[in-house]
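Quick notes on the structure that follows.
The values are calculated or read from the model by the stated rules, or taken from the named source; none is laboratory data. Please read all numbers here as calculations on a predicted model, not as lab measurements. For neighbour counting, all protein chains shown are included, and Cβ atoms are generated from backbone atoms with ideal geometry for every residue, glycine included. For the accessible areas, the whole protein counts, side chains as well, though only heavy atoms, and no ligand, DNA or RNA atoms are used. Shrake-Rupley method; radii C 1.70, N 1.55, O 1.52, S 1.80 Å.
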Amino acid sequence: MKNSWKYLSLLLIILFASCATREYIPRIDGLKIDAKTHEAIGQDKRIKILVMHYTVADYPSSIQILTKKQVSAHYLVGDDALENKVYQLVREDKRAWHAGVSYWQGRTNLNDSSIGIEIVNKGFIEKDGERIFFPFDGNQMQKVAKLAQSIVERYKIPPTAVVAHADIAPGRKQDPGPLFPWEILHKKYNVGAWYDIPTVLEFLPEFYKADYDSVEFIEKVQNDFHRYGYKIEQTGEWDEQTKDVILTFQYHFRQKKCDGILDAETYAILQALNKKYNR
Ligand SMILES: [Zn+2]
């Protein structure tokens, strides 16, 4: 009796395993698809980037918008502190419509190659020309962290490819804004990039030696942002696109002062990140 149970469970495991793989092999009448004999070594996962968003809506409206309209995301993390679940709105192997016109590290149209997580949060209000962002709930962030950690591990997403929606669309998008806990995600969950302080200190003097408004220095800075991943033209001017990228970068990596102006700390953090992640 014991043995027959063992065989039954083994049979079930085999059945489930074959169902899982068969999903990707088409059944075509009169044609055999042999997916066993030759498997190419030249292949990798389609998912390369993880994008974080906030919804700018309350929980019920967020569900409505992300399921019934032309925008969507793979996951929605609510702000109900008692809730222990997240919603999957789009399967990971399908495209969700969350990124829009976007660029990161040479890739465009990032809906094709990313997973999007939407986090319920009201975004920001503008007061006296300043943006005041709404904080994220602690329980909500724990759910985001666990989910992100699993995605990063399963798809082997490198640290610099865990990004804000703002990072891939500077100027057009701000989310998830300067209160998003990128540093904790990196340090506690091994999700995303963060700099090392000794390296930042190493680069600070370089900033003070530079000729701030020279074409040469501005072009170097623009090139450094591009090296890290941002879409930016090398114009040699402190123009709008450059300010947008600096502000976006500060939202992510220098959250205590976000003004779109390249100061010593912002500069040194950018250098430290490029040095650490070798891009
Ligand atoms: Zn977004």
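Observations, loosely collected:
- All positions within the stretch 203-218 that are in contact (Cβ under 8 Å) with a residue 60 or more places away in the chain and hydrophobic (A, V, I, L, M, F, W, C): F203, L204, F207
- Scanning the stretch 220-273 for residues that are under 15 Å from A166 (Cβ atoms) and aliphatic (A, V, I, L, M) yields I232, V245, I246, L247.
- Some residue of the stretch 45-60 being part of a loop (DSSP other than H, G, I, E, B) and aromatic (F, W, Y): no
- Hey, A161 out of contact with any Lys or Arg (no Cβ under 7 Å at 6 or more places or on another chain), farther than 12 Å from Y189 by Cβ, at pLDDT 95 or above and among the small types (G, A, S) or not: no
- Residue that is most open to solvent (accessible area, probe 1.4 Å) [pool: residues in the stretch 80-115 that are farther than 30 Å from N223 by Cα and within 16 Å of the ligand (Cβ to nearest atom)]: R95
- Close pairs from the stretch 93-105: first at negative phi, partner within 15 Å of the ligand (Cβ to nearest atom) and of a type in the set (K, R), Cβ under 8 Å, at least 6 apart: V101/R172
- Just one of the listed residues (E126, E118) is part of a strand (DSSP E or B), within 13 Å of the ligand (Cβ to nearest atom) and either of a type outside the set (K, R) or at pLDDT below 95 (or both), and it is E118.
- Comparison of I65, I47 shows that the only residue that is over 17 Å from K173 (Cα atoms), buried (at least 16 other Cβ atoms within 10 Å of the Cβ) and within 16 Å of the ligand (Cβ to nearest atom) is I65.
- Residue within the stretch 157-177 that is among the basic types (K, R), away from the ligand (no atom under 16 Å from the Cβ) and either closer than 21 Å to I63 by Cβ or touching a residue at least 24 places away in the same chain (Cβ under 8 Å) (or both) present: no
- From Y7, Y24, Y54, residue being in the same structural domain as F134 (by TED's automatic domain parsing) and at pLDDT 60 or above: Y54
- Among the residues of the stretch 220-261, those that are out of contact with any Ser or Thr (no Cβ under 8 Å at 6 or more places or on another chain) and among the polar types (S, T, N, Q) comprise N223, Q234, T248, Q255.
- Failed item, numbered, when L76 is tested on (1) of a type in the set (A, V, I, L, M, F, W, C); (2) within 14 Å of the ligand (Cβ to nearest atom); (3) under 14 Å from E118 (Cα atoms); (4) open to solvent by 50 Å² or more (accessible area, probe 1.4 Å): (4)
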